[in-house]
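The values are calculated or read from the model by the stated rules, or taken from the named source; none is laboratory data. Treat the numbers as computed from the prediction; the structure is a model and nothing was measured. Using ideal geometry, Cβ is built from the backbone for each residue, glycine included, and neighbour counts are taken over all protein chains shown.
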Amino acid sequence: MSNRRDEFKSSNPNPATRFLEWDSNQGCFKFYSKDKGENVVVKSPFRFVVLKQMHTIKGWHGKSESGIYSNEIENMGEMLHVKSFKGGPIISGQYKEIKDRLNGGVYFKSIYVMLQDGSIANIALKGAAVAGWGDFTKKQMSRLPDEWVVVKGAKEEKNGSVKYTIPVFEFDRTLDEGFADKADQAYGVLSDYFKGYLSRAAEEEAFHDTTTEAEVDKSAHLTPPKVESFNSDVNKFEKAASAPVSFDVFEDDLPF
């Protein structure tokens, strides 16, 4: 039975305790620690269990000198609402329609994982790191629910004169019964969060449906960020847009 007090509860916060991104220069993952007020390097080997994969936009908005963010989506055919912290709304639409007008934003794969201490974390990958993850998972997807993934180090890559690193993903070992139970519990917490999150996002999308065209028109004058292309094959995205969860690589984003 529903509890009437639920009506007055605030929205559940994101259950992730750490938000990690790949540092191409240092060749490692890092996260910002509020307690320390600085970025903390995650030493290898770094192990995790995959819980859920999403898609989002992040970046830097030069005009307002603030970060860019968007909602997280499960299906690349869904609506993205891209904003900057200080400049407000930038553009809304499907990624394939707005990717050239993100004004400093780039695609990120948002991976929710369970760490060895049982906590939930988020790993954000962009560019060539997404390609590395796609190569790792595309033929071994069925192993993700039952095995630890480990990052033991970095692989050096080069595109023209640009040098960068990507994480090297490997399967480590099968989850024992205790960790499998913890992973199920962590997924339950994450699933409850996203039920509310996606419900709120659907309400926002219904609102934006009446304003998206106007927003796009207002953003049409913005100069798109210059991004280096690995590949001119745009058909990958068309296939990804119809898939519930896509592991294709959007290779028009920067590799570092």
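Among the listed residues Ala154, Ala121, Ala128, identify the single one that is under 14 Å from Val50 (Cβ atoms) and in contact (Cβ under 8 Å) with a residue 24 or more places away in the chain.
Answer to the check: Ala121.
Assessment of region 65-73 against the conditions (over 29 Å from Phe46 (Cβ atoms) and either of a type in the set (Ser, Thr, Tyr) or in contact (Cβ under 8 Å) with a residue 60 or more places away in the chain (or both)) yields at least one matching residue. When Glu72, Glu78 are checked against the criterion of being charged (D, E, K, R), over 27 Å from Lys158 (Cα atoms), buried (at least 16 other Cβ atoms within 10 Å of the Cβ) and within 12 Å of the chain's Cα centre (by Cα), Glu72 stands alone in meeting it. Restricting Phe19, Phe29 to those that are among the aromatic types (Phe, Trp, Tyr), surrounded by 17 or more Cβ atoms within 10 Å (Cβ to Cβ) and at pLDDT 95 or above reduces the list to Phe29. Once region 50-79 is narrowed to residues that are in contact with a Phe, Trp or Tyr (Cβ under 6 Å, 6 or more places away or on another chain) and assigned to a strand (DSSP E or B), the residue that is farthest from Ile123 (Cα to Cα) is Ser66. Within region 80-97, being out of contact with any Ser or Thr (no Cβ under 8 Å at 6 or more places or on another chain) and closer than 18 Å to Gly127 by Cβ holds for Tyr95, Lys96. Listed by position, the strands (runs of 3 or more DSSP E) inside region 82-155 whose residues that are surrounded by fewer than 22 Cβ atoms within 10 Å (Cβ to Cβ) and out of contact with any Lys or Arg (no Cβ under 8 Å at 6 or more places or on another chain) number at least 2 are 88-93.
Condition check: in contact with a Pro (Cβ under 7 Å, 6 or more places away or on another chain) and surrounded by 14 or more Cβ atoms within 10 Å (Cβ to Cβ). Does Ile166 satisfy that? No.
In region 85-119, what residues are in contact with a strand residue (DSSP E or B) (Cβ under 8 Å, 6 or more places away or on another chain) and of a type in the set (D, E, K, R)? Within region 85-119, Lys86, Lys99, Arg101, Lys109 qualify.
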